[in-house]
1. Out of the residues in segment A:137-185 that are among the hydroxyl-bearing types (Ser, Thr, Tyr) and assigned to a loop (DSSP other than H, G, I, E, B), which is nearest to A:Leu2 (Cα to Cα)?
2. Could you please find all residues in segment B:174-191 being surrounded by fewer than 14 Cβ atoms within 10 Å (Cβ to Cβ) and either of a type in the set (Phe, Trp, Tyr) or without any contact (Cβ under 8 Å) to a residue 40 or more places away in the chain (or both)?
3. Under 7 Å by Cβ, and 6 or more places apart or on different chains, what pairs join a residue from segment A:133-153 that is under 22 Å from B:Lys10 (Cβ atoms) with one that is acidic (Asp, Glu)?
4. Check segment A:72-83 and report whether any residue there is surrounded by fewer than 17 Cβ atoms within 10 Å (Cβ to Cβ) and aliphatic (A, V, I, L, M).
5. Is there any pair linking a residue in segment A:6-19 that is free of Cβ contacts under 8 Å to residues at least 24 places away in the same chain to one that is polar (S, T, N, Q) and surrounded by 13 or more Cβ atoms within 10 Å (Cβ to Cβ), with Cβ under 8 Å and at least six apart or on different chains, and which?
6. For A:Glu104, work out the one condition from (1) part of a helix (DSSP H, G or I); (2) over 15 Å from A:Ala140 (Cβ atoms) it doesn't fulfil.
7. Sort out which residues of segment B:295-306 are within 14 Å of chain A (Cβ to nearest Cβ) and of a type in the set (Gly, Ala, Ser), and write them in order of number.
8. What is the residue count in segment B:181-201 for residues that are in contact with a Pro (Cβ under 9 Å, 6 or more places away or on another chain) and not aromatic (Phe, Trp, Tyr)?
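The values are calculated or read from the model by the stated rules, or taken from the named source; none is laboratory data. Everything numeric in this text was worked out from a predicted model, so none of it was measured. Here the Cβ positions follow ideal geometry from the backbone for every residue, glycine too, while neighbour counts run over all protein chains shown.
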Amino acid sequence: MLELNHLMPIPLRDRLSKKESSVWNNQILVSTEEWIKITAPSGTGKTTLMHMLYGIRSDYDGAILLDGINIKNMSINELASIRQIKMSVIFQDLRLFPHLTAFENIELKRVLQKPYYESDKIIEMAEVLGISNILSQKAAICSYGEQQRISIIRALIQPFTLLLMDEPFSHLDNNNKAIAAKLIAQECIKRNAALIITDLEDDDLFTYSRKLIL
Amino acid sequence: MNKLDFILKKIIRDGVGRSKKISALVGLSVAIFLLLTSIQLQINYHDLLNNKNNKDSIANFLVINKILTDATLGKTSIEDSIIKDIQLQPFTEAVGELSPSKFKASIESNSKRFPFYTDISFESVPKEFVDVNGTVWNWSEQSPYVPIIIPTLFLDFYNFQFSLSQDLPQLTPDIVKMIVFKVSTHTKTGSTSYNAKIVGFSDRISSMIVPEEFLNWGNQQFSLDTTKTVSRVIIKTKDPGSPLLSEYLKKHHLTTDADKTRFSKYRKVVDTVVYIAGITGGLLLAFALLVFTLFIQITIASCKEEITLLIILGASPTQLGKFLIKRFFPINIWLVSGAVTAICFLQYFLFKVLEIQHIYIDRLISGYTIGFAALLLLLIWWINKRSIQRYIYQ
């Protein structure tokens, strides 16, 4: 489904080429339903990798092939279509619209394409993650922990076959981490989706099929 | 509004461009109104020239002759070359030759109650230029009388001047038509008389006219000069007010009834007004579209971060373009519809005002004006779409 072919971000080339990595400058195949954990300390390019996989960055050598197509060659409209129905993401920096309510931030991703879920599902997921009380609150005045959970529901409300998560639980306590991971796992299983998660440390929040060091 | 548009509307707001939007919309309204008005005015003027009901106000037939000066004395017949040249002019629809009688003639009343006698001469004109309908306009030697058409002015002169000074009865046109006159032709060998009737009154030709058959026959019978002479020509024109016509006559030392060509001066004024309105409207439209494009650019620029995030989250530029077109374009439909409605009211008002003066224009606005409004809308849509696409992809 996803093929990483000798990737190397150009701005980090000098630094990363001296280090040993199971991702950079290697060939990696991610198949359907495969759950991959990528662990690395700060400053080793976790976010860079996620942005490359999501098609935000193109300043790299090598190629990323999604279903055999190089995402660098996709038009902006083709990429939009991929992001609507194939690929979902939880950004490390969350990327919410501050003046929209929590509900509107999630609803936007639900209606951007043919909805995968009815809007009731937003309330249902919010209840599971314990943020149903702040759904009508503007995102700007939500805490980081709340914003992170909004961001998680936003990623899960759309159809996808690959879920990218960049330190998705950085602002959550262990209990909320476990609840969020359980919800994410359920949604991935339901869609037979693959997931790639990056984090600073190793964990067993998901049943990983592979663990890689960046 | 669907859910996506509702949320997008909250994300992409007018922001700092609102005042520019208002000024652009005011400019666009005035520009559209001016442009459509100039088109409607031009169409109204065209209608005035071509509407049959307006012949009282604008003449379609002009009788043309050479200007009589010391140099042209005795040489006023119009040559074939000039007639052919007139035929070729863009303002000419048809040309007819007016031929003069070359024999001496007189007309007198048979009635003692209404005694009068005068020497006269005739002219003839092709049938299609005769403006008296419903009468037989031909003559043969077997005809019981010679039909004559006289200028309306002659009857006015008789009724309001001559009859009063001579203590004669005033005559209505119908009574005049019932009177049988005696027309006599005079040659060295003697006189011959015919019955004649006035069959109509012409506002078009200022001489007594008889059927061509009678005039040609008379010239052959009673005149020694058998050469064909054209004293004047009558032209049918769509636009007697055409400045081109006035210039042509002036250039070729020809003249016609100045009252009829005075419209050329009005036409120049109307043309100038329409031209200025059109140019002003065009410039204003260009300026307003520029400001509106600037407003679109500023709106998109002020929401650049939001638009970037929308695209990162998966919104396609096509989706955003459609939303922005829905956002910016419908106001233009209202503007154009408003301008068309205002012109509809003005047109009806103009129709009512002119109707009192027996000048008739259409009470409804022209299809051309509506068509142009649609074209204008299409142009605005295209410019909006192009601007949105350009700035989104930036």
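1. A:Thr161
2. B:Asp174, B:Ile175, B:Met178, B:Lys188, B:Thr189, B:Gly190, B:Ser191
3. A:Ile134/A:Glu146
4. Checked segment A:72-83: at least one residue is surrounded by fewer than 17 Cβ atoms within 10 Å (Cβ to Cβ) and aliphatic (A, V, I, L, M).
5. Pairs that qualify, where the first residue is free of Cβ contacts under 8 Å to residues at least 24 places away in the same chain and the partner is polar (S, T, N, Q) and surrounded by 13 or more Cβ atoms within 10 Å (Cβ to Cβ), are A:Ser17/A:Asn25.
6. Of (1) part of a helix (DSSP H, G or I); (2) over 15 Å from A:Ala140 (Cβ atoms), only one is false for A:Glu104: (2).
7. B:Ser302
8. Result for segment B:181-201: 6.
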